[in-house]
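For reference, the structure discussed in these notes is given below.
The values are calculated or read from the model by the stated rules, or taken from the named source; none is laboratory data. Not measured: the values here are computed from a predicted model. Every residue, glycine among them, receives a Cβ derived from its backbone with ideal geometry; neighbour counts consider all protein chains shown. Just the protein is used for accessible areas: all its heavy atoms, side chains included, with ligands, DNA and RNA removed. Shrake-Rupley method; radii C 1.70, N 1.55, O 1.52, S 1.80 Å.
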Amino acid sequence: MKVIKSVEKMQSFSESLRLQGERIAFVPTMGYFHEGHLCLMKEAKKMADCVVVSIYVNPSQFGPKEDFSKYPRDLERDLKMAESVGVDVIFYPPDKEMYPAGYQTYVDVEEVTQNLCGMSRPGHFRGVTTVCNKLFNIVKPHIAIFGKKDFQQYISIKRMVDDLNLDLQIIGFPTVREADGPAMSSRNKYLKKNERPSALTLFRALKLAQKLYSNGEKKSSVIIKEVEKLIKKVPYTEIDYIKICSTETLRDVDKVKNQTVMALAVKVGTTRLIDNHVFGDKLEI
Ligand code: AMP
């Protein structure tokens, strides 16, 4: 497995693969891998000749009061894990390669970044779409794979790729969960032992919402109220949002149907967790 740190070297490596007719699949990450990341890499392996994974904790997607400096990092461990699933290249750029002095260009996707996490994390998606656009220009992939766990991120990237005619295909991968339900996340590491049981609540809430819907409830407001009641009973939790939205526009909807999404952000202790479920899809571990 190759580790490339320079933008120029990554671009020329990808260019040479393209000239040989090889297909490149790309998995952008912030590192501190778990099984969810590895599943994306394994999927990428099935779809291309060369799998490139980036590890970059992107400063422009963190707000001033967020966890940029304490975000978990462990490069040695990540390299071993990536190699074990057959990743070909790790792109690991330093900040000065990604945002050199004088940097001033950003990509803003409009409507789909406004609701949900866009409300509580102003500027977050501008940082995400900007860095992904840059990474696509550096890695030059044919395919890029994103987890649907970060549903708004996945939709925003798809929107950007369509709107800017970027020449690659975006694939969404289902959420990979812990054995007892919670979505795997690098941030689960922040949870204190006594908070861990409370982190199960997001999955339980999504299960309850799907059950109410399957039993015939179609009003968003009713489902949201029930989910709110459930979460509020659980210690250490503080709701950021509970919403039901169109999967296309991410606007709130009054009526639930297949292909609307329930999205949750809940703080457990000081750790902000997100999860979502598209009604009608399977909700399994
Ligand atoms: P991150 O390193 O957290 O920025 O995530 C890198 C990629 O892995 C993103 O596309 C995430 O959506 C995806 N990802 C993170 N956690 C999971 C998970 N539990 N299941 C599926 N994909 C995930």
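So here's what we get for this one:
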quantity: Tally of residues being within 16 Å of Glu43 (Cα to Cα) and β-branched (Val, Ile, Thr) across the stretch 154-184; calculated: 4
quantity: Single match in Lys219, Lys233, Lys192 (criterion: away from the ligand (no atom under 14 Å from the Cβ), free of Cβ contacts under 8 Å to residues at least 24 places away in the same chain and exposed (fewer than 15 other Cβ atoms within 10 Å of the Cβ)); calculated: Lys233
quantity: Within the stretch 15-43, considering residues that are open to solvent by 20 Å² or more (accessible area, probe 1.4 Å) and not in a helix (DSSP H, G or I), the one nearest to the ligand (Cβ to nearest atom); calculated: Met30
quantity: Checking Gly86 against (1) within 15 Å of the ligand (Cβ to nearest atom); (2) in a loop (DSSP other than H, G, I, E, B); (3) closer than 19 Å to Pro141 by Cα, the condition it does not meet; calculated: (1)
quantity: Top-ranked residue in the stretch 122-160 [being open to solvent by 30 Å² or more (accessible area, probe 1.4 Å) and touching a Gly at 6+ places or on another chain (Cβ under 9 Å); ranked as nearest to the ligand (Cβ to nearest atom)]; calculated: Lys149
quantity: Index of the failed condition, Val57 passing every other in (1) in contact with a strand residue (DSSP E or B) (Cβ under 9 Å, 6 or more places away or on another chain); (2) within 20 Å of Ser185 (Cα to Cα); (3) open to solvent by less than 20 Å² (accessible area, probe 1.4 Å); (4) of a type in the set (A, V, I, L, M, F, W, C); calculated: (1)
quantity: Checklist (1) without any contact (Cβ under 8 Å) to a residue 12 or more places away in the chain; (2) within 28 Å of Val109 (Cα to Cα); (3) of a type in the set (Gly, Ala, Ser) applied to Ser214, failing item; calculated: (2)
quantity: Breaking point among (1) in contact (Cβ under 8 Å) with a residue 40 or more places away in the chain; (2) more than 16 Å from the ligand (Cβ to nearest atom), for Leu75; calculated: (2)
quantity: Hey, Gly172 surrounded by fewer than 21 Cβ atoms within 10 Å (Cβ to Cβ), more than 10 Å from the ligand (Cβ to nearest atom), under 14 Å from the mean Cα position of the chain (by Cα) and not hydroxyl-bearing (Ser, Thr, Tyr) or not; calculated: no
quantity: Scope the stretch 198-216; condition within 23 Å of the chain's Cα centre (by Cα) and open to solvent by 50 Å² or more (accessible area, probe 1.4 Å); matching residues; calculated: Arg204, Lys207
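Let's see how each residue does on (1) outside the structural domain of Arg196 (by TED's automatic domain parsing); (2) at pLDDT 95 or above; (3) in a helix (DSSP H, G or I):
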| residue | (1), (2), (3) |
| --- | --- |
| Val222 | no, yes, yes |
| Leu230 | no, yes, yes |
| Glu238 | no, yes, no |
| Tyr241 | no, yes, no |
| Asn258 | no, no, no |
| Ala263 | no, yes, no |
